[in-house]
Each structure stands twice: as structure tokens, then as C-alpha cells.
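Accompanying notes for the structure given below.
The values are calculated or read from the model by the stated rules, or taken from the named source; none is laboratory data. None of the values given here were measured: they were computed from a predicted structure. No Cβ is skipped: glycine too gets one built from the backbone with ideal geometry, and neighbour counts run over all protein chains shown.
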Amino acid sequence: MNGLRAHAQAPSDAVRSVGAAITARGWGWQHATRTNWAVRDLELSIAPGERVLLLGPSGAGKSTLLHGIAGLLGGAEEGRQAGQLHVDDAPPAERRSRIGMVLQDPDSQVILTRVGDDVAFGMENLGVPRDQIWPRVRQALDAVGLNVPLSQHTSKLSGGQKQRLALAGVVAMRPGLILLDEPTANLDPAGVIEVRDAIVESTRQTGATLIVIEHRTDVWLPVIDRVIVLGADGTVIADGTPDDTIRREHDYLVRSGVWVPDTSLPEIPRRRYADDGVLLHAANLALGHRGTDPLHTGLDVAIRRGRTTVVTGPNGAGKSTLALTLGGLLRPSAGRLTADSGLAPPRSRLQPVRWRSKELLTRIGSVFQDPEHQFLAGTVRDELSLGPRALRRSVTEIDTRTDELLQRLRLQHVADANPYTLSGGEKRRLSVATVLATGPAVIVLDEPTFGQDRRTWEELIRLLADVADAGTAIVAVTHDLEFTALLADTRIELPAWQTATETTS
């Protein structure tokens, strides 16, 4: 669902032009399958028209709070609520027509099959006159930089393009309250600034209240009025103007994992694996899905043992398509992807796309852009043990590896929780851990650092460095410039046109 567009009811123009007010009095939420409260005893007041940046470590309850403000937490079967949370002096469910929200997961926000129809959907629910809808659709798409035809099929968009699409739908609605949960996480660096400016301009024109969750603070600090920091227990630990809050709470924020500007990157020592033989080789590769024109042609790539290959480029360039192809999950449009004979299963062909899923399990592991697409078990611990159990590993080996990954990726406290109740950052770490649990020779990661606070980001970086130095080949699709700077041995840059370049450091 694209934010709250499916629930909208038509407000008057006068109401729509005034920012919404938010108040919380002793408010809390506990997910049905969790023993700890995601947010507890929250006292909060946000004035109409304020622009607020919501910070805190991964798992602090930021997304839960945003879902609560949006009226999306559900009934008693999903959890229990304490205290009061109001939008304009009423429960959020009664103010959904005033709220536009962009969720963490780009795929879950797409409603209709064509780009133009999807952006228009919210306005149609609001009763916007038809002669105003399509000019606003085009204006919103231009504002967020989604330069595709209105008739473009939404299923053909990349994750970053879907994120822009969701933002365009909210901008076009002109709601009184805009809620953004990591709105730029899947965007290329130029797109981050473009989208931020579009959102700020929308609030300037409409007077809307804005609440943003973003781990990377440097982008939003120049354009917001107030910073609210949630602690690990879901309570407010800091609240004030950006400069004062960052200065006063600098050390605490750094220890809590908040990305504070002008903080140096960690030292990541590497012990380069001696044997860097080629495990996968792509020759004259063309990228694309069946029935579509190829995005790129003539791509030659060598994936080497113990080396990290980083794939970068603008949204829609085909990075995720390349990841699926290298992972043996998508047949190349042209050319060949072949595996080293030592990597291929016995008596099997050398093309990974022809291997069975169990043969891929210990050879090439893939982490998708949307982590929920690969969750199968009812608890985090069971999710981590699925792969090793399929490989008939011993109980002792499974338990040891599971406990190691839970601790290293800071997931011990959610070991018995349902994976679908985790925060976005926790889901991402779990999806990476499920692949690491089976120890494949090649790991393909699509946006591996999405949703991470600085502590979990650094631990993930160190873990991947250790895995590469032990001989695993890593392929990572990312917009994370710091990740690239610290880990990239080889970089593949996919531009938006029909060429591609590869450089080796």
C-alpha cells in the first residue's frame, strides 16, 4: 500500500492547507509476539508545520512510532497499546485523510500497474477534481526526479524508482502530515538531495508537518527545525533544535549508533585472501528480464575468491538485475555466466542458472533488496537455522553458528521474535545472516547496509570484511559511499545508458 492513499477521505481545501499537530501522552506499543515494548511511556508534542528528524539506534521503535502516528498498527491481534496518541486531537485512524506516509519497503507501496495511475490514486481518493489530478501527477514526478512515461509499468521500476514513485504520490496529495521512513535509503547520491528538496518544497507550499526517520543525519539537518532522539527502550532521550541537540548529545548519539556529521570512518584492516582465483565469469553479458530490451550489453565481469565487488550506479541502471544474474537466479539476456569447475556441483553444468536451489545454497547465496522476500520461519532463530538444517549440519554446529551470528549482528534480543515484527534494519541484518549461516563461496548482497545505525553498520562491515578475507567472494549492490570506500576491491559502475565500466583498486 502506498502510504495511506487507500484510506483517504476527501477533506476541504482549508483543512488540507494546515499542518497537523501530534501529541503523545504516556503512549506505548508492544507487538503481539514480543515481550518488550517497542515504544514505552512516550511524551511528545509536535506543532503544526514543524519539520522533525527522528533519530535513534536500530530497533529503538522509530518505525513503530511512525506507524502509530499513521494509524497503521492494527488491532489487539497485532499488539497492545498504552496511553494516548493523537493527530489533531483525534486518534490517528480518524485522521488518515490528513496523512501521507512513505514506508521503508519500496515494493509494498505500489498499488496500481501504471506509474501515472499510481500517483493519481491518492488524489482520486481525496476527491481532487480530475482536471487538477494529472497536472499534479506530472509536477510530483518531476519534483522527485522520476523521469519515466506515465504509462510505464510499475513492476519494471527499480527499488529506488519505486521509492521515488511513493514519494511522488505523497507530494501530489498535499497532505497535512508527511511521514517518511528512510525515504532516501535506496536512492543514488544525486537523487537523495533531489528528493529531499522536493519534500521540503512541498511542505513549504502546503504548511504540512514533516516527520522523517533517517540514520544518515547530514542530509536532513540543514532543512529541519527539530531533532527528537529515541533511546533503545523507545523513550525520548533528547529533543531540541538540530545544532543544540547534536552538540549537547554528540557523544551519546555516537555511542547509540546515530550517524553524526563529521565523524571519521572506522579502520577496517584487511588480510587479503591469498588465492584470488575466478569463481564466476561473465562474458559479453546482457542484462534484462525476459521480454524486455536489455539494460546493458557487452559486460565482462570476473568475481574472485576473497574479493569484494561493489556494483554502483543511478536508480534504474540495472544493478539489481545484475545481482540476480550473478546469483544464478536470472538467465542472462545474452552472453554467458559460467562458474569455475571447482565451484560447480559434481556432474552439473557450469551455468549457475541451471543449478538446483540446494546446489546454490552452499555455492552462491543471495540477499534480496526486500528482506521479507526470503523469510520462511516463525522466529529469528529458526530462520537462521533453516539453511544449515537443509544441509544436514549437526545440531551442535547449527546452534553454535546461529548464536555467533545473533550476537555479532546484535539480534540476540529478538532471537525468539517473528522476523516480520523486526525493524527495517533488523530485517536487513537477519537476511544477511541467513545467507552467511550456510557459508556459500559467493555472496550476492543487494543494499546490505540499508536501515543500519552506525554501530550495526560498522559491525556488518567488519563481518563482511572477515568473510571476504576468509576466502568468500562478495558482490554488493549499494549506494553507500562509505561501504564502497572501505570494502570495494573491484567496482562496477552501471550508468543509465548502454555502457558499463569496471575498475580495480
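Residues are listed down the side, and each one gets a yes or a no for (1) in the same structural domain as Pro495 (by TED's automatic domain parsing); (2) small (Gly, Ala, Ser); (3) at pLDDT 95 or above:
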site	(1), (2), (3)
Asp181	no, no, no
Asp188	no, no, no
Ala198	no, yes, no
Thr209	no, no, yes
Thr217	no, no, no
Val229	no, no, no
- Query: In segment 158-174, is there at least one residue being assigned by TED's automatic domain parsing to the domain that holds Ser63, closer than 30 Å to Lys62 by Cβ and surrounded by fewer than 23 Cβ atoms within 10 Å (Cβ to Cβ)?
  - Reply: yes
- Query: Scanning segment 98-120 for residues that are buried (at least 21 other Cβ atoms within 10 Å of the Cβ) and more than 19 Å from the chain's Cα centre (by Cα), which turns out farthest from Leu146 (Cα to Cα)?
  - Reply: Arg98
- Task: Working only within segment 342-371, note down all residues that are crowded, with 17+ Cβ neighbours inside 10 Å and either farther than 15 Å from Leu280 by Cα or among the aromatic types (Phe, Trp, Tyr) (or both).
- Result: Trp355, Leu361, Val367, Phe368, Gln369, Asp370, Pro371
- Note on the structure: Requiring at least 2 residues that are hydroxyl-bearing (Ser, Thr, Tyr), the strands (runs of 3 or more DSSP E) wholly within segment 246-329 are 308-312
- Among the residues of segment 255-273, is there at least one that is among the charged types (D, E, K, R) and either touching a Gly at 6+ places or on another chain (Cβ under 9 Å) or within 27 Å of His413 (Cβ to Cβ) (or both)? yes
- Does Leu146 satisfy the criteria of being buried (at least 23 other Cβ atoms within 10 Å of the Cβ) and modelled with pLDDT of 95 or more? no
- Task: Confirm whether Val367 is touching a helix residue (DSSP H, G or I) at 6+ places or on another chain (Cβ under 7 Å) and in contact (Cβ under 8 Å) with a residue 24 or more places away in the chain.
- Result: yes
- Checked pairs for segment 393-414, first in the same structural domain as Leu361 (by TED's automatic domain parsing) and over 12 Å from Val380 (Cβ atoms), second of a type in the set (Gly, Ala, Ser) and surrounded by 14 or more Cβ atoms within 10 Å (Cβ to Cβ), C-beta under 6 Å and 6 or more apart or across chains, list as Ile398/Ser385; Arg401/Ala437
- Query: Being of a type in the set (D, E, K, R), assigned to a loop (DSSP other than H, G, I, E, B) and outside the structural domain of Gln369 (by TED's automatic domain parsing), is that true of even one residue in segment 95-107?
  - Reply: yes
- Task: Could you run through segment 215-249 and say how many residues are free of Cβ contacts under 8 Å to residues at least 60 places away in the same chain and loosely packed, with under 15 Cβ neighbours inside 10 Å?
- Result: 7
- Being in the same structural domain as Glu447 (by TED's automatic domain parsing) and surrounded by 15 or more Cβ atoms within 10 Å (Cβ to Cβ) narrows it down to one of Ala339, Ala334, Ala283, so name that one. Ala339
